[in-house]
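Taking it in order: structure first as structure tokens, then the write-up.
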Amino acid sequence: MERSIIYKDNVPYLRPIGTLQIGDTPLWPPLLNDDVLYIATRDRTLYALDKHTHTPLWSYRAQGDILAAPPLVEDVLYIASSDYTVCALEARTGGVLWRYQATGPLPFAPTIAEGAAYLVADRTLYALDAALGDVLWSYNLQERVHVPLTVSNGVLYIAVKHTLYALDAIRRVIIWSYATQDTLRASPAVVDEMVYLGSRDHTLYALNSEAGQKIWSYTTRDALLASPTIAYGIVYVGSNDCTLYALEANFGVLRWQYTTAGPLLAPPTLSDEVLFAGSLDHFCYALDALTGEKLWSYATNGPIDTSPVIADGILYVSSTDTSLYSFTSDRLWTFPTGNAIESSPAIASGMVYVGSTDHNVYALRTETGEVQWRIETGEEVFSSPLAHDVREVVYIGSNDYTLYALAASTGAILWSYLTAGHIISSPRIWNGMVFVGSADHCVYALDIETGEELWQYETTSNITSSPCIVDGVLYIGSLDQQIYALEASRGTLIWSYMTGGGVHSSPTVDQDLLYVGSRDHTLYALDAKTGTKRWEFKTGDIVDSSPTVASGIVYVGSHDHHLYALDAHSGEKRWQYRTGGAVASSPRVLEETVYVGSEDGLLYALNAHSGEKRWCYHTGGAIHASVATDEDLVYIGSSDHTLYALQRILLPTHIHLPG
């Protein structure tokens with residue numbers, strides 16, 4: 001599922017994720033369709049690239065320079081080149097569908113509308129059959145045309161010198177014309193029976209589309225060489241006076257203006273009340289479309305003379321420095337709670353569930369962060385929820401001593417079980433039972449349907465560790481310094497192992513080895529069947545982080561600020577990564593990336609094999625919780641009271657293809 005991240009609150013978080021160069025030639029703005037990126041160089045080649053890898057799928061080389069970004073209509077690309085040729089290509093394969101050889105220069109790419117390809121060659125307007133390339137009709141303009149055509153409701157708008165002509169495409173007669181005071185160098189925009197037209201006479205004109213009568217005009221301080229864009233009842237137009245103007249579409253009253261350090265030669269792009277515009281000052285700007293407030297900007301290495309493109313949550317900017325820049329955001333959405341989030345989120349059926357120390361359990365929509373429901377418990381919630389997809393139940397503990405079973409869709413309490421202590425431990429399910437530890441020193445087994453107690457086992461101190469059940473054995477740590485292995489069906493002790501410190505870390509089992517951290521600064525690997533120690537690894541501080549095993553490597557954090565990657569069989573250190581604070585968060589591994597939070601407020605994404613940092617994201621508080629993942633998203637809570645939904649994107653990449 002594609003998720004849009006180009007919205008007003010998120011735009012300040014845009015960051016570069018890649019640059020693409022093809023030879024040493026500037027690029028026209030790209031087109032994106034069905035995971036294929038189509039991009040033309042300003043010399044002779046059109047490329048179809050894989051959207052994700054930029055691997056070339058096919059290319060087409062014209063005999064002359066490509067005049068503009070080719071339009072893409074109904075899976076057909078239309079290319080105009082300086083050798084007087086228009087060519088229609090099948091977008092999927094690059095195969096030539098038809099080719100038309102004009103009798104004179106083509107000043108711009110064809111305009112495709114209503115089954116026709118309209119183009120101007122020398123002083124003649126042609127209408128070609130868009131499917132076959134046959135000439136349907138032609139019209140003698142008597143003058144050269146340098147501005148791309150605009151087509152709307154069967155009317156062609158043609159700029160010739162300082163005059164705009166409206167031509168009925170069916171009858172091929174001029175309906176009206178309007179003369180400005182200087183040359184026209186930009187195509188008009190037609191919206192809601194109004195024609196908006198900029199001129200080198202410094203003025204933007206609003207004309208009635210039916211008769212060409214002037215409704216209003218607005219004069220800037222220099223020539224208008226860019227076409228206007230209309231949205232939200234506002235006309236946006238850039239001027240050679242380096243200013244972007246926002247005018248009321250109906251009356252021409254100035255709403256706001258924003259001044260850059262260079263002329264603006266291309267129409268701005270609008271998305272969700274955000275305006276993106278490139279300037280010859282090398283910058284791409286993002287402005288609040290309603291107020292003109294600057295939200296973001298980025299400096300390229302050359303003037304920007306084309307419009308930015310937004311597609312599938314990515315902003316593309318083509319600069320004359322020969323690079324195509326792509327931007328996206330780490331952040332999809334954030335959700336503020338009333339206090340720190342120490343609970344790790346859980347994902348199920350399009351919902352994310354999380355507890356907060358504001359006493360509440362929240363259910364949020366994964367796509368938007370909207371609240372589906374929330375339920376208030378009697379105390380802080382440190383426990384992480386367990387969302388059972390099939391049963392549609394969420395199980396979670398609270399510091400009010402209670403384990404809750406909540407309806408996943410409504411938050412209704414299906415049952416609850418009262419212990420004699422805080423529940424920081426996170427519940428687990430096995431064979432019709434729910435297991436959880438409590439600060440009353442006990443681990444409980446409850447009936448999954450009713451919450452009735454089936455058995456309990458008492459240790460000699462608080463249990464904040466979460467249970468792990470493998471092959472009918474429940475493993476759990478206690479602050480009495482021991483690891484316990486219990487028969488999950490009856491609660492009978494199988495074995496216990498004494499460490500040198502309290503065990504807050506939750507055990508994990510992989511290939512008959514149990515891994516768990518202790519406050520004696522040590523990660524232990526024990527035989528899961530006997531409790532015999534196989535190896536141990538000393539860190540520089542307590543290990544409250546719960547270990548994770550993936551591809552023969554065990555990952556664990558320590559309060560000594562490090563994340564460690566150890567050989568799961570021998571305990572030999574593969575690598576370590578130093579953060580700026582204690583690492584109590586438990587690492588998660590997905591697609592060769594390990595995610596872990598730190599008390600320095602950062603969520604780190606590291607290469608699982610080398611420990612090299614791929615990216616990090618700064619929250620406003622310490623991170624003790626662990627991430628949850630869903631498709632291309634990572635969810636993490638922070639002690640800054642906020643749950644973050646972040647995109648799993650990598651460090652910026654630079655790709656340079658041969659021309």
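Just so it is clear, none of the values below were taken in a lab; they were calculated from the coordinates. All values reported here derive from a predicted model rather than from experimental measurement. Here Cβ is always computed from backbone atoms with ideal geometry, including for glycine, and neighbour counts include all displayed protein chains.
Using alpha carbons only, the radius of gyration of region 147-219 set against its Kirkwood radius gives Rg/Rh = 0.93. The modelled label-to-label distance between GLU392 and GLU631, using points 7 Å beyond Cα along the C-beta direction, is 2.1 nm. With the alpha-carbon atoms of region 424-498 aligned to their principal axes, the span from lowest to highest coordinate is 34, 24, 16 Å, starting with the largest.
Evaluated over the Cα positions of the chain, the convex hull gives a direction-averaged projected area, one quarter of its surface, of 31.8 nm².
Each of THR410 and ASP321 was given a label point 7 Å from its Cα along the Cα-to-Cβ line. The distance between the two points is 5.8 nm.
Using the Kirkwood radius over C-alpha pairs as Rh, can you work out the diffusion coefficient of region 116-188 via Stokes-Einstein at 20 °C, viscosity 1.002 mPa s, in µm² per second? All intermediate terms of the calculation are to be shown ahead of the outcome.
Values: Rh = 12.5 Å.
For the chosen part, D equals 172 µm²/s.
With r as the distance between the Cβ atoms of GLU193 and ALA231 and R0 = 22 Å, compute the FRET efficiency 1/(1 + (r/R0)^6) and round to 0.05. Once the sixth-power term is evaluated, E becomes 0.85. Counting only lysines at least 8 places from LYS8 when in the same chain, those with an alpha carbon closer than 21 Å to its own are LYS294.
According to the calculation over all Cα-Cα pairs in region 538-659, the P(r) per 10 Å bin from zero is 14, 46, 29, 8, 3, 0 %.
Note: relative contact order over region 501-545, using C-alpha pairs below 8 Å and six or more positions apart, is 36 percent. Three semi-axes describe the equivalent ellipsoid of region 1-138; taken as square roots of 5 times the Cα gyration tensor eigenvalues and ordered largest first, they are 30, 17, 15 Å. With θ taken as phi - 60° and the Karplus curve 6.51 cos²θ - 1.76 cosθ + 1.60 applied, the whole-hertz 3J(HN,Hα) list for region 529-545 is 7, 10, x, 6, 6, 8, 7, 9, 9, 8, 9, x, 6, 5, 10, 8, 5 Hz, x standing for glycine and proline.
Report, in whole Å, the centroid distance computed from the Cα atoms of region 4-83 and region 196-234. Here the two parts' Cα centres lie 30 Å apart. When you restrict to C-alpha pairs under 8 Å that are six or more residues apart and normalise by the size of the chain, the relative contact order lands at 8 percent.
Taking label positions 7 Å along the Cα-Cβ direction at both ASP83 and HIS162, the computed distance is 4.0 nm, reported to one decimal.
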